[in-house]
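The values are calculated or read from the model by the stated rules, or taken from the named source; none is laboratory data. All figures in this text were calculated on a predicted structure; none of them were measured in a lab. Positions of Cβ are backbone-derived with ideal geometry, glycine not excepted, and every protein chain shown enters the neighbour counts.
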Amino acid sequence: MKYVLLTLISAMLLSVSWPTYGVPFFIFFALVPLLMMEHGISKFSSYKRKGWVVFGLSYLCFIIWNIVTTGWLYGSKNPDGSHSMMAVVFPVLVNSLLYSLVFQCYHWYKNAQGTYWGLGFFIAIWMSFEKFHLNWELTWPWLNLGNVFSDYPKLIQWYDTLGATGGSFWILLINVLIFYTVRTWEAGRKKKDLIKNSSIIAALIAIPMIISVIKYNSFNDKPIGQVNVLMLQPDLDPYAEKYSKDSLTIEQDLLALAGKNSTTKIDYYIAPETALPGRGSISETGFEKSLLINNVKEFLSQHPGSVFATGISSHRLYFNPAALPKEAYQINSGVWAESYNTAIQIAPQQKVQVYHKGKLVPGVEIFPYMSVLKPILGDAMLNLGGTVASLGTDKERLAFSNPYNKGKMAPIICYESIYGEFVTDYVRKGANFLGIMTNDSWWGVTEGHKQLLSYAKLRAIETRREIARAANSGISAHINAKGEVVADTFYGDQTALFAKVNLYEDLTFYSRAGDLLSRFSMFALGFLLFYYLIKWFQAKTKKA
């Protein structure tokens with residue numbers, strides 16, 4: 001029961017640390033009880049299968065953490081309107097399993113190499129896993145530890161140097177040092193060591209925060225300009241209304257919302273992810289003839305000097321089977337299509353600028369590792385509310401240039417806003433402000449849409465770019481370059497949000513270097529594994 005209790009304490013501390021309802025300071029010792037559980041079982045228990053006990057208890061910890069923090073996934077629905085249990089069960093079970101495997105690897109390495117080497121390995125493998133979780137097709141970095149301070153931007157201004165992954169390293173290091181301090185106290189009861197170690201821990205917690213507050217209060221970057229942005233929030237039900245309403249009606253309502261709120265000169269109108277059309281999608285080869293796009297151009301002719309950026313569903317047709325992209329699917333005899341979640345920017349007498357979402361939601365927009373899993377799963381994913389195909393993506397980021405002013409917008413689509421280094425690619429392409437087009441209506445009034453908005457603050461700090469965030473049902477928001485929400489809307493309102501958005505062009509260290517500590521940790525992980533293999537080989541040679 002002692003080990004179960006330690007496990008449950010870690011699960012509770014991890015859960016209550018999380019935004020947007022928790023207190024993040026618990027995260028500094030949230031993993032300590034779990035490390036104590038592993039150490040107690042490894043060194044002092046009489047269990048025959050210690051590895052299985054450690055795995056089972058760590059899985060219990062991580063599954064509770066995942067349920068509490070991401071259980072809002074249950075708010076998503078099947079096409080028939082019923083709740084999809086698998087929408088929460090699959091990610092919770094799989095994500096918890098992945099964290100447990102990481103912890104199990106630490107358990108094995110620590111028992112092979114000793115506690116000190118093991119703790120270094122723990123930081124290296126956790127950091128490497130978080131980096132891996134940012135990049136593979138089952139990507140789900142929602143619970144990366146560095147996200148935990150997203151509601152406290154004043155304390156993490158140093159993320160402009162090391163990013164949210166630097167925050168993960170900071171949190172892991174503090175947890176390891178606290179565990180080490182507890183163990184040395186239990187072993188020797190030396191007050192001098194306790195005071196010394198506690199002082200080091202306190203300094204490592206406080207110094208980054210002090211630096212952050214100083215950076216916050218001294219922030220005086222000079223913008224190169226300013227643009228007037230109107231973020232549109234149509235509050236269109238994504239399950240029924242979007243597919244039952246005529247596309248022209250949906251567009252008319254959107255343009256009426258834009259017109260009604262144009263009380264001053266607007267440089268940018270920004271509409272949410274897949275705001276157009278209703279049912280179906282727009283052919284990219286027919287943009288110039290599209291009635292929907294030409295209606296927007298007609299609207300812009302009444303608002304000279306304005307551009308209109310919006311999310312759309314789009315597609316391209318292919319007729320040559322020898323030149324098909326891998327995401328193409330057959331729709332008729334001799335005809336294939338590739339579909340996209342797209343951001344476009346429309347201006348009169350200008351070619352439509354197009355960007356295809358690069359980070360897709362697993363199971364919803366992408367069938368992960370389709371060539372391997374589809375023969376096994378068949379239509380099982382579709383039956384569970386997922387997809388049997390994958391959307392096409394752009395391999396590179398881009399910035400939408402504005403023909404009327406200095407504005408260069410990063411067309412970030414929904415899920416992409418979770419990815420720090422990924423977003424810096426837009427900035428390196430010249431973006432001087434971030435435009436986030438999102439539809440957070442899938443989960444209803446839950447923590448999901450609040451957390452996604454909160455994570456956007458991290459991107460503002462990392463890149464020192466202001467954010468204009470247009471959400472279908474809310475929360476639309478203007479976020480400044482210090483990660484503060486300057487203005488926002490209520491969830492569920494049909495409204496528009498006006499903002500004067502500052503434009504910045506300087507690159508932060510993080511925008512140039514990206515996830516530096518993650519790459520260092522991957523190198524350290526490789527070294528630690530190589531070191532173990534060398535020692536193992538030497539031991540085998542001596543025995544021989």
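What's the total number of residues in region 29-87 that are part of a loop (DSSP other than H, G, I, E, B) and within 25 Å of Val176 (Cβ to Cβ)? Selection size over region 29-87: 4.
When region 473-492 is filtered for residues that are surrounded by 21 or more Cβ atoms within 10 Å (Cβ to Cβ) and either touching a Gly at 6+ places or on another chain (Cβ under 9 Å) or in a helix (DSSP H, G or I) (or both), the ones remaining, listed by number, are Ser473, Gly474, Thr489.
Kindly indicate whether Leu143 is of a type in the set (A, V, I, L, M), farther than 17 Å from Leu453 by Cα and outside the structural domain of Thr463 (by TED's automatic domain parsing). Criteria not met by Leu143.
Rundown of residues vs (1) over 14 Å from Asn175 (Cα atoms); (2) polar (S, T, N, Q); (3) without any contact (Cβ under 8 Å) to a residue 24 or more places away in the chain, yes/no style:
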position: Met1; (1), (2), (3): yes, no, yes
position: Pro24; (1), (2), (3): no, no, no
position: Ile41; (1), (2), (3): yes, no, no
position: Gly51; (1), (2), (3): yes, no, no
position: Thr69; (1), (2), (3): yes, yes, no
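Within the set Glu365, Glu421, the sole residue that is at pLDDT below 95 and within 19 Å of the chain's Cα centre (by Cα) turns out to be Glu365.
Residue check: is Leu35 surrounded by 21 or more Cβ atoms within 10 Å (Cβ to Cβ) and more than 26 Å from Lys457 (Cβ to Cβ)? Against the criterion (surrounded by 21 or more Cβ atoms within 10 Å (Cβ to Cβ) and more than 26 Å from Lys457 (Cβ to Cβ)), Leu35 qualifies. Of the residues examined, Thr285 is not one that is surrounded by fewer than 20 Cβ atoms within 10 Å (Cβ to Cβ), over 22 Å from Lys351 (Cβ atoms) and either in the same structural domain as Lys406 (by TED's automatic domain parsing) or under 33 Å from the mean Cα position of the chain (by Cα) (or both). Once region 62-85 is narrowed to residues that are modelled with pLDDT under 75 and touching a Gly at 6+ places or on another chain (Cβ under 7 Å), the residue that is surrounded by the fewest Cβ atoms within 10 Å (Cβ to Cβ) is Asn78. Under 7 Å between Cβ atoms, at least 6 apart or on separate chains: pull out the pairs that start in region 324-335 with a residue that is acidic (Asp, Glu) and end on any residue that is modelled with pLDDT of 90 or more and surrounded by 10 or more Cβ atoms within 10 Å (Cβ to Cβ). Once the first residue is acidic (Asp, Glu) and sits in region 324-335, its partners that are modelled with pLDDT of 90 or more and surrounded by 10 or more Cβ atoms within 10 Å (Cβ to Cβ) give Glu327/Glu338; Glu327/Leu391; Glu327/Gly392. Suppose we filter region 89-101 for residues that are surrounded by fewer than 20 Cβ atoms within 10 Å (Cβ to Cβ) and either among the hydrophobic types (A, V, I, L, M, F, W, C) or modelled with pLDDT of 95 or more (or both); how many remain? Residues meeting the conditions: 7. In region 140-150, of all residues being of a type in the set (S, T, N, Q) and either at pLDDT below 95 or touching a Ser or Thr at 6+ places or on another chain (Cβ under 7 Å) (or both), the one that is farthest from Arg464 (Cα to Cα) corresponds to Asn144.
Pairing residues of region 227-251 that are under 25 Å from Ile479 (Cα atoms) with residues that are of a type in the set (Val, Ile, Thr) and modelled with pLDDT of 95 or more, at Cβ distances under 6 Å and at least 6 apart in sequence or on separate chains, gives Val227/Val501; Asn228/Ile266; Val229/Val501; Leu230/Ile266; Met231/Ile270; Gln233/Thr489; Gln233/Thr495.
Residue pairs whose Cβ atoms lie under 6 Å apart, separated by 6 or more positions or on different chains, with the first residue in region 286-308 and within 16 Å of Phe400 (Cβ to Cβ) and the second of a type in the set (Gly, Ala, Ser), are Leu300/Ser306; Val307/Ala347.
Within region 264-282, take every residue that is within 30 Å of the chain's Cα centre (by Cα) and of a type in the set (D, E, K, R) and give me the one that is surrounded by the fewest Cβ atoms within 10 Å (Cβ to Cβ). Ranking the qualifying residues of region 264-282, first place goes to Arg279. All of Phe132, Phe103 fail the test of being aromatic (Phe, Trp, Tyr), in a helix (DSSP H, G or I), in contact with an Asp or Glu (Cβ under 8 Å, 6 or more places away or on another chain) and within 19 Å of Phe62 (Cβ to Cβ), apart from Phe103. Only helices (runs of 4 or more DSSP H) whose full extent lies in region 151-263 are considered here, and the ones with at least 2 residues that are buried (at least 18 other Cβ atoms within 10 Å of the Cβ) and either assigned by TED's automatic domain parsing to the domain that holds Thr115 or modelled with pLDDT under 95 (or both) are 159-188, 191-218.
Condition check for Phe299 on (1) in a strand (DSSP E or B); (2) more than 33 Å from the chain's Cα centre (by Cα): one failure, at (1).
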